[in-house]
Amino acid sequence: MKALFVTGTGTDVGKTHVAAALAQAGGWRYWKPVQTGVSGAAGTADFLASSDTARVRAVAGASAAPHEPAYLFPLAAAPDQAAAAAGLPAPTVHALAASFAAIGRNGGPWLVEGAGGLHVPLNEAAETWLDFLRATRLPALVIASPALGTLNHTTLTVRALQDAGIELCGVVLSGPRHAANEASLARLLPGVRVHAFEDDRAALAAFVAAAPTPEDEVETWLALDRTAVWHPYTQHHTAPEPLAIVGARGAFLETAQGEHLLDAASSWWVNTIGHGRPEIAAAIARQQRRLDHVLFAGATHAPAAYLAQRLLRLAGAPFEGGGRVFFSDNGSTAIEVALKIAYQMHAQRGAPERRLFVSFEGSYHGDTFGAMAVARSKDFHGTFAPLLFDALSAPLSLAAYADLLDAHAGRVAGVVIEPLLQGAGGMRMHSPEFLRGVAALARERDIPLILDEVFTGLGRVGAAFAYQRAGVEPDLVCAAKGLTGGNLPLAVTLARSEAFAAFLGEDKAKALLHGHSYTANPIACAAALAALDIYEREDLAGRARTFEATYHRWIAAEAPALGLFAPRALGGVLAFEWPGSGVGDYFHAAGTMEQVPRAARRRGLFLRTLGNTVYFMPPLATSDAELTEGLAALGATIRDVLNSRAEDRP
Ligand code: PMP
């Protein structure tokens, strides 16, 4: 273990005593970053001598080699109050984490002692030691008194750590033994290691040393991944080792090697609100305790009802006054549902011959059979072509599309399109005029327009839904990825009232006979409601339009010099083809493209490519400064790869 955070269930429970004993037993260095309640004038010998650091040095001698505190305040109070009383800047998690990173490179292992308990505020922004632990991912050792009051305080402290996802090394009861409390704690905290410490330093050190360390765990589960897991879209025979991700916060992923990589693929395009939002954690925890899951036929619950209402409001005019929301689990199933609704609607209106779906070249609608059938992508699903039902693929040209509709007049069940942005097909963008043309030509022929907003919906392209940016009115809309902000799987298919009405009648067989076990999972719905609050409060659709403007500036400044082909931006998405390749020749630069994610990682980016297409799409909650840094890293990545190729040449 490289470091351990020592916290207490309150003040004066023996944190420093235990830390000193561990340091004395050997092997640990000591750092108490924030010290309050020091006496004497600042900087004098008295002042330093009254600190816990001095006490540990006195007990443990040189072996503890303590590092001096980053903050020393005279007032014995919480750090925010002590800093205010001294008229000095209060500690921040960012500054403390940076100091720890610097110290961590310098020997160790380190015992890092907090000031007071976990919820003690560090500053006026009410950051606490828990935030510090989330940022540094240090495992925690909880020091408690063995005596009266320990059961409540220790349980609360351990639960706070567990709820925050922080590794718990164990609990040390420091003082005269209390067998009854030890037994009670074992019952209250099953699985938590508890050690009674009176004066046996060697036993204390052995207890700490026996904790499973996070590093050991990574090795263990990576070995299991190699032998037991089948990854999506992965050729296991040749694929490099996957990145081992141990955490995520805000716009960044943290690897087992301690790198912080900007999540430039938004975790397969799902993350909009940033990782690890406490609002979502709270919503999920609350809902799980109230109602985790119940079947959704013949039963219902508040989160689904409220979510349906909010989505219909967001979807606006076409769905107001009678539109409906059908829940499923992922983008592909949302598409399957839309296809079934469209076909069954025609069948029940007496036109079962309307069974051809029209999609557009380069489209992708998911990996299930119906979704594969309508997209007709050779690159993704060529293997399965013999198994797919008939569908029509239109070029991205209005004239050719109109001809196709006319050639199959009376037999088209629906037109399916990813509005404004084809994602997996290579981040291909089309104009609002084109989308309006597609919608108008379908409307003229009374063909339902099915929008696949699985990727574009919920703010990604600068509006709640892409069709709102184009002023188009669809009949069915599928949404998924960003629905829970990137936290839990959930999908919806929105249907206009006319479509819903076609399923009403006495005959049960006329109902939509489709449903998944986890339809409208209440926890996922609660996460989505909390994510919608964040969308609105932080105007994430507006953020996406700000990203778009920033991307256009980056393109103007960088694309010509780098030789990027077809650079383009829409909302939160920036994309271009690798220099030298053209749109559509998917695997043109295959060898080179394998270098791109590796080079990006060295520049602090987690980047994926689609054939020759490079795209950059961090969560919409990424700050301006992070976005600017990320774009600089993207430019540097491209230069690195281009330069390394130049060096490779004979
Ligand atoms: N439609 C579009 C436009 C998508 O981008 C995706 C996923 N990339 C899907 C459908 C399928 O969604 P899922 O992976 O959640 O099944």
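Looking at the structure I just gave you, is ASN123 assigned to a loop (DSSP other than H, G, I, E, B) and out of contact with any strand residue (DSSP E or B) (no Cβ under 9 Å at 6 or more places or on another chain)?
Details: assigned to a loop (DSSP other than H, G, I, E, B): yes; out of contact with any strand residue (DSSP E or B) (no Cβ under 9 Å at 6 or more places or on another chain): yes.
In short, yes.
Report whether or not LEU451 is within 16 Å of the ligand (Cβ to nearest atom), within 28 Å of SER266 (Cβ to Cβ) and out of contact with any Cys (no Cβ under 9 Å at 6 or more places or on another chain). Taking the combined requirement at face value, the residue does not satisfy it.
Entry remark, segment 459-493: residues being among the charged types (D, E, K, R) and touching a Pro at 6+ places or on another chain (Cβ under 6 Å) number 2 in total.
Does segment 380-395 contain at least one residue that is closer than 26 Å to VAL614 by Cα, surrounded by fewer than 22 Cβ atoms within 10 Å (Cβ to Cβ) and within 14 Å of the ligand (Cβ to nearest atom)? Yes, the conditions are met somewhere in segment 380-395. Just one of (1) away from the ligand (no atom under 16 Å from the Cβ); (2) under 27 Å from ASP507 (Cβ atoms); (3) crowded, with 21+ Cβ neighbours inside 10 Å fails for ALA315. It is (2). The set of residues in segment 400-419 that are near the ligand (Cβ under 10 Å from one of its atoms) and of a type in the set (Asp, Glu) contains only GLU418. All of ALA256, ALA248, ALA283, ALA239 fail the test of being in contact with a helix residue (DSSP H, G or I) (Cβ under 6 Å, 6 or more places away or on another chain), within 29 Å of THR637 (Cα to Cα), of a type in the set (Gly, Ala, Ser) and more than 16 Å from the ligand (Cβ to nearest atom), apart from ALA256. GLN422 passes every criterion in (1) touching a strand residue (DSSP E or B) at 6+ places or on another chain (Cβ under 9 Å); (2) more than 11 Å from the ligand (Cβ to nearest atom); (3) within 24 Å of ALA470 (Cβ to Cβ); (4) of a type in the set (S, T, N, Q) apart from (2). Name the residue that is nearest to the chain's Cα centre (by Cα), counting only residues in segment 15-35 that are of a type in the set (Phe, Trp, Tyr) and farther than 17 Å from VAL142 by Cβ. Of everything passing the filter in segment 15-35, TRP31 is nearest to the chain's Cα centre (by Cα).
Quick note: the coordinates plus some simple rules give every number you see, no bench work behind them. As the structure is a computational prediction, the values presented were derived from the model and not from experiment. When we count neighbours, we look across all protein chains shown, and the Cβ atoms used for this are built from the backbone with ideal geometry, even at glycine.
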